[in-house]
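In what follows, a structure is listed as structure tokens, so that the remarks can point back to it.
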Amino acid sequence: MLRDSVAGFAERFPGAKAMREKRGLGGATDPLIWSAMAEAGWIGLLLPEECGGAGLGLREQAVLSEALGRALVSEPIGSASVFAATLIGGATPGAERSRLAAGIVSGDVVAVPAWISGAKPLVVHAVSDNLALSGEARFVDAARVATDFLVVAQDAQGGMLLSVPADLDGMTMSERAGIDGGAIATVSFSDCKVPTDRVLSRANSSEDLLRQAILHTRLALAAELSGLASKALELTIAYTSDRVQFGKPIASFQAIQHRLVDMWIEADLAAAAVGNAVEALQSDDSEAAQLAVLAAKARAGDAAFSICRRAVHLHGAMGYTDECDVGLYLKRAINLNAMLGQPEQLRLEFVERESGVGRGRTYG
């Protein structure tokens with residue numbers, strides 16, 4: 001049903017068309033598309049039922065993300081849905097948590113995580129009846145369309161998760177265009193006054209929530225990358241079967257067949273790695289789950305980039321034109337690869353965790 005819902009959605013909002021239009025919007029998410037995704041129940045998929053969400057699990061999220069990758073739906077589902085829903089779903093129950101959850105489900109709230117500190121660390125301290133937030137957050141996805149930022153800042157007791165209005169006085173934002181038409185921002189805070197009722201969790205619980213959000217989002221990104229890889233392969237098989245050279249379809253040439261087989265193997269292994277990560281997350285072995293997700297994101301990232309690059313090559317000169325959709329798959333793959341760790345970084349983290357060196361560390 002999830003796969004079918006994405007297919008129907010893609011007919012209404014073709015991914016390639018929306019991705020090209022996003023460049024004209026300066027990387028901003030189309031509110032109509034985001035509302036339609038919320039109406040389909042995708043944005044609140046992981047939110048508990050008590051928060052008004054679907055209350056589904058990571059197995060369903062992986063199916064959805066894979067289908068979104070195949071359809072080239074380039075909205076920030078990883079950050080503003082999976083990451084945000086994990087943080088909010090695990091936050092301390094209260095009015096602010098309820099407000100955010102209800103808004104995410106309806107599509108009226110776009111809660112964007114801002115947790116990777118820049119040159120100035122994110123810190124907060126008490127001032128009168130408010131909290132004063134200072135510092136900068138880097139690599140913030142979909143910042144322009146955010147209604148609220150989910151900020152992880154440090155105070156005297158440790159970490160703190162709080163929601164910050166996107167129109168708060170003292171906040172500034174600078175953006176740079178991403179390769180897939182989106183935009184990545186650096187958000188700076190200068191003694192921004194945040195009401196104390198905006199605190200969602202404190203100290204150790206915030207660190208645990210952040211680790212869980214990274215884990216869940218990496219799985220969703222791996223599934224989306226797997227979907228990109230599979231669809232790019234299908235497009236290439238179709239093109240090489242139709243493209244005639246020397247009186248024959250080029251897919252009949254042995255050199256082309258060898259490349260297509262290599263691409264198929266990579267796509268199949270990526271899908272298997274994602275499936276293995278989903279199964280590992282259902283077990284009680286948290287360390288095995290961490291390793292499986294790292295492996296899935298690394299393998300799917302490599303596969304998506306390699307397959308999409310070869311797909312552009314096998315499309316010939318047409319593959320390098322902006323009108324050819326397969327080039328958009330490559331750009332999307334490059335962008336998702338960079339989120340929450342490139343394959344090389346994830347493999348190093350895998351080795352560290354497997355050897356026991358990196359356990360307990362929070363990774364960005």
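The values are calculated or read from the model by the stated rules, or taken from the named source; none is laboratory data. None of the values given here were measured: they were computed from a predicted structure. Every residue, glycine among them, receives a Cβ derived from its backbone with ideal geometry; neighbour counts consider all protein chains shown. We work out accessible area using only protein heavy atoms, side chains counted, and drop any ligands, DNA or RNA first. Shrake-Rupley method; radii C 1.70, N 1.55, O 1.52, S 1.80 Å.
Under 8 Å for C-alpha pairs, at least 6 residues apart: give me the relative contact order for the stretch 193-304, rounded to a whole percent.
Relative contact order of the stretch 193-304: 35 percent.
Given charges of +1 on the Cβ of Lys and Arg and -1 on the Cβ of Asp and Glu, with all other atoms neutral, how large is the dipole of the stretch 142-264 about its Cα centre, in debye to the nearest 20?
It works out to roughly 540 debye.
Looking at Y320, A296, M263, which one has the Cα that reaches farthest to the positive end of the dipole of the chain (charges on Cβ: Lys, Arg +1; Asp, Glu -1)?
Y320
Calculate the FRET efficiency for E234 and D169 from the Cβ-Cβ distance with a Förster distance of 45 Å, rounded to the nearest 0.05.
On the way: r = 50 Å, r/R0 = 1.11.
Approximately 0.35, to the nearest 0.05.
List the relative contact order of the stretch 261-364 as a percent without decimals, with contacts defined as Cα pairs under 8 Å and 6+ residues apart.
Computed over the stretch 261-364, the figure is 27 percent.
Ranked from highest to lowest mean number of other Cβ atoms within 10 Å per residue, what is the order of the peptides 279-285, 177-183?
Working: 279-285: 13.0, 177-183: 18.9.
Averaged packing, sorted descending, gives the order 177-183, 279-285.
With charges set only on the Cβ (+1 for Lys and Arg, -1 for Asp and Glu), what does the dipole of the chain come to about its Cα centre, in debye to the nearest 20? Walk me through the numbers on the way to the answer.
Working: 33 positive and 43 negative charges, 188 e Å.
The calculated dipole for the chain is roughly 900 debye.
Could you check the simple spin-label distance between D268 and S286, using points 7 Å along Cα→Cβ, in nm with one decimal?
3.7 nm
Among N130, L32, Q157, whose Cα projects farthest towards the positive end of the dipole of the stretch 18-159, with charges put on the beta-carbon of Lys, Arg (+1) and Asp, Glu (-1)?
Farthest towards the positive end: L32.
Can you send over the carbon and sulfur percentage of the accessible area for the stretch 59-178, probe radius 1.4 Å, protein chains only? Write down the numbers at each step before the final one.
Working: 2280 of 4390 Å².
Ligands and nucleic acids excluded, carbon and sulfur give 52 percent.
Per q in 0.12, 0.17, 0.22, 0.29 1/Å, what log10 I(q)/I(0) does a Debye calculation on the alpha-carbon atoms of the stretch 155-222 return?
Summing over Cα pairs of the stretch 155-222 leads to -0.48, -0.90, -1.11, -1.12.
What FRET efficiency would be calculated for the residue pair T147, E21, taking the C-beta separation as r and a Förster radius of 30 Å, to the nearest 0.05?
Working: r = 22 Å, r/R0 = 0.72.
In this case the efficiency is close to 0.90.
What is the distance in Å between the Cα centres of the stretch 254-270 and the stretch 101-173?
Each part reduced to its Cα centre gives a spacing of 44 Å.
Please list the non-local residues whose amide H lies under 5 Å from the amide H of V109, H modeled 1.01 Å from N, same-chain partners needing a gap of 5 or more.
Here I104 satisfy the definition.
So for the chain, taking the charge dipole from beta-carbon charges (+1 Lys/Arg, -1 Asp/Glu), which of L47, T172, G341 sits furthest toward the positive end?
The residue sitting most towards the positive pole is G341.
Skipping prolines and chain starts, which residues have an amide H placed within reach, meaning under 5 Å, of the one on F139, given they are 5 or more residues away or on another chain?
Answer set, sorted by chain and number: A185.
Can you tell me, using C-alpha contacts under 8 Å and at least 6 residues apart, the relative contact order of the chain as a whole percent? List each step's numbers first, then the result.
Values: 670 pairs, mean separation 57.7, N = 364.
The value is 16 percent.
Hey, got the dipole for the stretch 7-148? About the Cα centre, +1 on K and R Cβ, -1 on D and E Cβ, debye to the nearest 20? Mind showing how you got there, number by number?
Working: 12 positive and 15 negative charges, 103 e Å.
With only Lys, Arg, Asp and Glu charged at Cβ, the dipole is about 500 debye.
List the residues, sorted by chain then number, that are 5 or more residues from A114 or on another chain and whose placed amide H is less than 5 Å from its amide H.
L150, V151, V152
Measure off 7 Å from each Cα along the Cα-to-Cβ vector at V351 and Q212, then give the distance between these two points in nanometres to one decimal.
Roughly 3.2 nm, to one decimal.
Classify the stretch 218-353 from the C-alpha gyration tensor, please: rounded if a/c falls under 1.5, else prolate or oblate depending on whether a/b exceeds b/c. Each step should come with its number before you reach the end.
Numbers: a/c = 2.96, a/b = 2.19, b/c = 1.35.
Prolate is the answer for the stretch 218-353, as a/c is 1.5 or above and a/b outweighs b/c.
Pairs K120/K297; K120/K231; K17/K297: which exceed 31 Å Cα-Cα? Show your work: numbers first, answer last.
On the way: K120/K297 29 Å; K120/K231 41 Å; K17/K297 27 Å.
Those over the limit are K120/K231.
Mind checking which helices in the chain clear 20 Å along their axis (Cα) and have mean Kyte-Doolittle hydropathy of -0.5 or more, DSSP H runs only?
Details: long enough: 203-242 (59 Å, 0.23); 254-281 (41 Å, 0.56); 286-314 (41 Å, 0.50); 325-338 (21 Å, 0.22).
Taking the DSSP H segments of the chain (at least 20 Å long, mean hydropathy at least -0.5), we get 203-242, 254-281, 286-314, 325-338.
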